[in-house]
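Participant: Mind having a look at this structure? Questions to follow.
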Amino acid sequence: MTVVKPLRSLLFTVMLAAVGCHAQTPAPGTGKLSPELARRVEVLLRSKTKVPPNYDIHIGPRTKSEVSGYDEIVVTFTAEGQASKPLTFLLSSDGKTLAQFSKFDLSKDPKELVSAANRPARGGPANAPVVIVGFDDLECPYCAKMHAQLFPALIDRYKDQVRIVYRDFPLDQHPWAMRAAIDANCLAAQSHTGYWNMVDHIHSHAAELGGDPKSLAKANEALDTLAREEGTRQKVDATALNACIAKQDDTAVKASIKEAEALGVEATPALFINGEKLEGALPLEYVYRMIDNALTASGQTPPPPPPQAPQPPPAVKPGS
């Protein structure tokens with residue numbers, strides 16, 4: 001993805017501006033701008049960006065661009081010996097229009113931008129038309145509420161059309177969230193069912209583990225015990241599980257955090273529905289709309305809207 005970033009003190013979005021109808025027309029292709037056209041560009045930039053007078057503006061020569069009818073020029077702002085990052089603008093072949101824009105890569109399917117590989121999943125199969133990746137903190141009360149209410153409703157409505165995956169994003173202010181993520185992943189290495197059973201239990205009993213750093217040792221011990229007991233139920237290799245729990249390797253969790261931050265995640269819960277980010281506590285109808293749009297884009301037919309809950313009759317005032 002290529003993004004043309006503006007100078008820090010300038011606010012540029014998409015700008016199209018006429019630079020006069022009497023500008024000299026330079027030879028097409030490449031070459032230095034004429035003094036008159038260079039001045040027109042400089043005056044326009046100063047007026048549109050309100051650049052301080054002490055800034056010098058250097059305008060480079062025309063070079064060939066990928067946009068038909070436009071050449072590229074590179075502009076640099078300097079002040080007190082410090083130069084800005086070069087900014088690329090488009091100048092029309094007739095010298096009458098200046099433009100700046102951002103270029104984004106549309107070649108990748110947004111569904112593939114957030115990896116769900118090698119993670120336990122619920123709902124539909126690996127080729128489900130909609131993949132929902134949730135960045136989760138097992139100590140986050142809002143995550144627990146979403147886990148209890150949102151996902152059962154989605155699976156009930158969409159059945160195997162949606163596949164749900166959790167990635168780790170334990171927050172620093174939650175003292176045992178990292179331990180919970182590591183222990184759950186130790187189970188996931190041998191049993192996806194065991195992973196989800198542990199996640200279900202933690203999200204529904206987090207209050208019992210406490211959130212006081214003074215009780216951290218007790219919470220960690222309870223998490224380790226929970227993982228071992230679930231491992232026994234799932235008949236996993238106890239030696240391997242115990243070694244994983246004892247090691248407390250946070251490499252994979254930190255990699256998940258880094259990927260989340262690169263995607264702009266700052267808090268939990270955060271969902272990516274076929275790559276489209278959803279943050280915060282939004283009404284279920286909004287989530288349905290995003291999933292329906294993703295299904296339609298993939299050539300699938302969304303299920304009919306759920307029935308509206310009956311509204312209570314209006315209260316009748318005495319004597320009316």
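Quick note: the coordinates plus some simple rules give every number you see, no bench work behind them. These numbers come from a predicted model, not from an experiment. Reconstructed Cβ throughout: ideal geometry from the backbone, glycine too, with neighbour counts over all protein chains shown.
Participant: Treating the angle as unsigned and between 0 and 90°, give the value, to the nearest 10°, between the Cα long axis of helix 251-262 and the longest Cα principal axis of the chain.
Facilitator: For helix 251-262, the angle is close to 40 degrees.
Participant: Using a 10 Å cut-off on Cβ atoms, rank the peptides 204-212, 83-91, 127-135 from the highest mean neighbour count down.
Facilitator: Sorting 204-212, 83-91, 127-135 by mean packing, highest first, produces 127-135, 83-91, 204-212.
Participant: Once you've got the GNM for the chain with C-alpha springs shorter than 10 Å, pick whichever of Asp183, Asp56, Asp249 has the biggest mean-square fluctuation.
Facilitator: Checking each option, the largest mean-square fluctuation is seen for Asp56.
Participant: What do you get for the angle between helix 177-188 and the principal long axis of the chain? Use alpha-carbon atoms, 0 to 90 degrees, nearest ten.
Facilitator: With both axes taken from Cα atoms, the answer is about 70 degrees.
Participant: Kindly work out what percent of the DSSP beta bridges joining two residues of the stretch 66-213 are antiparallel, to the nearest 5.
Facilitator: Rounded to the nearest five, the antiparallel share is 65 percent.
Participant: Would you please put 168-179, 296-307, 139-150, 273-284 in order of how densely packed they are, using the mean number of other Cβ atoms within 10 angstrom per residue and starting with the highest?
Facilitator: 168-179, 139-150, 273-284, 296-307
Participant: Right, another one. If you average 1/r over every pair of different alpha-carbon atoms in the chain and take one over that average, what Kirkwood value in Å do you get?
Facilitator: Mean inverse Cα-Cα distance, inverted, gives 24.3 Å.
Participant: Can I ask one more? Using packing as a proxy for protection, rank 42-48, 189-195 so that the peptide with the highest average count of other Cβ atoms within 10 Å comes first.
Facilitator: 189-195, 42-48
Participant: Taking the Cα centre of the chain as origin and charging only Cβ (+1 Lys, Arg; -1 Asp, Glu), how large is the dipole, in debye to the nearest 20?
Facilitator: Rounded to the nearest 20 debye, it is 1000 debye.
Participant: For the pairs Lys145/Lys218; Lys48/Lys111; Lys64/Lys108, flag any whose C-alpha to C-alpha distance is greater than 28 Å.
Facilitator: Long pairs (Cα-Cα over 28 Å): Lys48/Lys111.
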